Amino acid sequence: MTSKMPPFQLHGDRMLKTLALEEKGTYALVLRCPKKVAVRVGSLGEISIDRGYLVYVGSAFGPGGLAGRLRHHLRRVGRPHWHVDYIRQHTEMLGVWLASGSRELEHRWSSEIAALPNAKRPHSGFGSSDCQCDAHLFHMRRSPRGGWFEPVLLDDSIPGGAEFCRTDRLAKALSP
């Protein structure tokens, strides 16, 4: 794995084109939880989220692709649909990593993040009810901004690579 891009920036027009074309792909939301909270998450029940940073890995292969899914995640919804919707009420979205391509990338990213020594799973089954992964949500005390995190997602085997987009730039790119 090689890291060719500086962290937490929008990298050129390819990202905007990916969103405009409603491409399908995988994303990793980067969230900050300002204080410890207990959240009731649908059938998972009550889960505890510690203060710190969260990375939620998901995919968007339905109608609207990545653009549609990310428009949804930018809002705090009144009626949660996905597991991550429940915790969005208590977090700040800092940005998102995006990559178009196969469904397998979602599971590979989850596996790679799970292997990091400072990543823990707040709750088994979170975001992974439709696959064999243990969870798709990870907590970290340190911000996933430094050079220690990017190599996990920047893999030369991803066609076109992965890119990070800050929330403010993402909102602007997805606005009508």
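Does the stretch 53-65 contain at least one residue that is under 25 Å from Val152 (Cβ atoms), within 15 Å of the chain's Cα centre (by Cα) and in a helix (DSSP H, G or I)?
Yes, that holds for at least one residue.
Between a residue in the stretch 58-78 that is among the hydroxyl-bearing types (Ser, Thr, Tyr) and any residue that is assigned to a loop (DSSP other than H, G, I, E, B), which pairs come within a Cβ distance under 9 Å, given they are 6 or more apart or on different chains?
Ser59/Lys24; Ser59/Arg103
Here is a check on your reading of the model: is Leu105 closer than 19 Å to Ala171 by Cβ and either surrounded by 15 or more Cβ atoms within 10 Å (Cβ to Cβ) or in contact with a Cys (Cβ under 7 Å, 6 or more places away or on another chain) (or both)?
In short, no.
Could you grab me the full set of residues in the stretch 59-81 that are aliphatic (A, V, I, L, M) and under 18 Å from Ala173 (Cα atoms)?
Of everything in the stretch 59-81, those that are aliphatic (A, V, I, L, M) and under 18 Å from Ala173 (Cα atoms) turn out to be Ala60, Leu66, Ala67, Leu70, Leu74.
Within the stretch 70-105, how many residues are out of contact with any His (no Cβ under 9 Å at 6 or more places or on another chain) and over 23 Å from Gly45 (Cα atoms)?
Counting residues in the stretch 70-105 that are out of contact with any His (no Cβ under 9 Å at 6 or more places or on another chain) and over 23 Å from Gly45 (Cα atoms) gives 14.
Counting just the residues of the stretch 28-50 that are among the β-branched types (Val, Ile, Thr) and at pLDDT below 90, which one comes out surrounded by the fewest Cβ atoms within 10 Å (Cβ to Cβ)?
Val37
If you scan the stretch 117-170, which residues turn out to be under 18 Å from Gly25 (Cα atoms), at pLDDT 70 or above and among the hydrophobic types (A, V, I, L, M, F, W, C)?
Leu137, Val152, Leu153, Leu154, Ala162, Phe164, Cys165, Leu170
What number of residues within the stretch 89-105 are at pLDDT below 90 and not in a strand (DSSP E or B)?
6
The values are calculated or read from the model by the stated rules, or taken from the named source; none is laboratory data. Keep in mind it's a predicted model, so treat the numbers as computed, not measured. Neighbour counts are summed over all protein chains in view; Cβ atoms, including those assigned to glycine, are modelled from backbone coordinates with ideal geometry.
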